[in-house]
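In what follows, a structure is listed as structure tokens, so that the remarks can point back to it.
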Amino acid sequence: MALIDIAELARRSGVPASTLRFYEEKGLIESLGRRGLRRTFDADAVERLSLIALGRSAGFSLDEIADMLGDGGAPDIDRAILLTKAEEIDRTIHRLGALRDGLRHAAACPAPSHAQCPTFRRLMTIAAERTRKAKGKG
């Protein structure tokens, strides 16, 4: 088993050493010992960090990712969770697409001011409703 130190793992993965230490504290990766003052890791930690990066890119929390990674073995990812996240991303894409289209319309709207543009006013109403709903959750 090839061991690499934390500096090498940071170089190979692109993840800063401070983040690697944080991930270790969270149980996402595990050091196998020390070489002098530096933590050492199995070279497979690079792949595990790639899985963590993919999970973060998809919007999963570190706790959700930890559940998927299990205890040092192969990932155990619930496919239903992946489908749920994919549907959430679809909703976000739809919402952002509608926002983009509304902003493009407002930019080209022939109304004398944005306050007189019905589409822009509708965007403001939707944004205000989302803000109220978000505050109600917190």
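Values quoted throughout were computed directly from the atomic coordinates according to the rules given, and no laboratory measurement underlies them. On a predicted model such as this, the values are computed, not experimentally measured, just so you know. Cβ sites come from the backbone with ideal geometry, for glycine too, and all protein chains shown count toward neighbours.
Among Ala106, Ala66, Ala17, which one shows the highest mean-square fluctuation when the chain is modelled as a Gaussian network with alpha-carbon springs under 10 Å? Maximum fluctuation in the GNM of the chain, among the listed residues, is at Ala106. Inter-label distance, Glu47 to Ser18: 3.1 nm, where each label sits 7 Å from its Cα along the C-beta direction.
Rounded to the nearest 500, what is the 222 nm mean residue ellipticity of the chain from helices alone, with -39500 (n - 2.57) per DSSP H run of 4+ residues and division by all residues? Counting only the DSSP helices, I get -21000 deg cm²/dmol. For Arg21, the shell of other residues with beta-carbons less than 13 Å away shows a net charge of 0, using +1 for Lys and Arg and -1 for Asp and Glu. For a test of the definition: using alpha carbon positions, the gyration tensor, and the 1.5 limit on a/c, classify the range 79-137 as rounded, prolate or oblate. Since a/c reaches 1.5 but b/c is at least a/b, the shape of the range 79-137 is classed as oblate.
What the Cβ-Cβ distance of Ala7 and Ala58 gives, at R0 = 22 Å and to the nearest 0.05, is a FRET efficiency of 0.20. Taken over the chain, the percentage of Cα pairs per 10 Å bin, counting from 0 up to the bin with the maximum distance, is 10, 28, 20, 17, 15, 8, 2, 0. Projected onto its three principal axes, the C-alpha set of the range 3-69 covers 36, 19, 19 Å, listed from the longest axis down.
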